[in-house]
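The values are calculated or read from the model by the stated rules, or taken from the named source; none is laboratory data. Keep in mind that this is a model prediction, so the values were computed, not measured. Note: ideal-geometry Cβ built from the backbone for every residue, glycine included; neighbour counts use all protein chains shown. Note: accessible area is taken over every heavy atom of the protein model, side chains too, but ligands, DNA and RNA are not part of it. Shrake-Rupley method; radii C 1.70, N 1.55, O 1.52, S 1.80 Å.
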Amino acid sequence: MEPSSIHIIRDEHATLAAMLRSLGMMVARGPGAHPQNFFDVLRAMLFYIDEFPERLHHPKETELLFPKVAARSPETAALIAQLDREHELGESNVRELQHLLLAWELLGESRREPFDVAAKRYLSFYLEHMRLEETVILPAAMKVLSAADWKDIDAAFETNCDPLTGQYPRDPLYDQLFTRIVNHAPAPIGLGED
């Protein structure tokens, strides 16, 4: 039986991948006839990425999962070091996108291309980052970690409760954020066409 943290990590990755793909679709479509809604939703999506994956998900991988895997599976150490460096840059990468989005919104079309280029780079980077975690690190973890290791890791990840995964009850604190995203973002994360 797989540890609960493995399921949580995969669920959170799937949710984040859907968010990233929806973000990419929105950027490709552009603001259209509803620029305020467009920018509001993109801001909400970037806030979500900063609020959940950056603040809840990555620290637990870096502080709990990765060190144990690297210690018992030395062949993963270089990749884990790379993934940790990427985690360290995560918050600044989101802040850069938020700044570029604000520039596009406030200064107009001349600032669209810098955001578009940065967003494409970020989406590609993040999807590859998650792929490496799922195809290399998680299988190695399943082979080398003990039941006691998993107990600690599971307990930590079980506190994440990201409502967008569909696995947890909604959190009233985030209702406005998730409503904005789900109602206006395109599938696979939302119901909208904007």
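Separation of the range 1-49 from the range 110-145 is 13 Å, based on Cα centroids.
Which parts of the range 42-72 would a label at ALA81 reach, counting a residue when its backbone N lies under 19 Å from a point 7 Å out along Cα-to-Cβ? Within reach of a label on ALA81, which here means backbone N under 19 Å from a point 7 Å along Cα→Cβ, the range 42-72 contributes 62-72. This structure gives Cα Rg over 2.2 N^0.38 Å, computed directly, and of [x] 1.08; [y] 1.27; [z] 1.17 that value is listed as [x].
Judged by the mean number of other Cβ atoms found within 10 Å, the most tightly packed of the peptides 146-155, 42-51, 65-74 leads the ranking 42-51, 65-74, 146-155. Each of GLU75, GLU105 has its accessible area taken with a 1.4 Å probe; listed largest first, they run GLU75, GLU105.
The label point for LEU102 and the one for ALA71, both projected 7 Å from the Cα toward the Cβ, are 4.1 nm apart. Per-peptide packing, taken as the mean over residues of other Cβ atoms within 10 Å, places 106-115, 128-137 in the sequence 128-137, 106-115 from highest down. Taking a straight line from the alpha carbon of LYS151, these lysines sit under 21 Å away, with near neighbours fewer than eight places off in the same chain left out: LYS60, LYS68, LYS143.
Computed from phi, the 3J(HN,Hα) profile of the range 10-27 under the Karplus parametrisation 6.51, -1.76, 1.60 (θ = phi - 60°) reads 5, 4, 5, 5, 4, 5, 5, 4, 5, 4, 5, 5, 5, 4, x, 5, 5, 4 Hz, with x in place of Gly and Pro.
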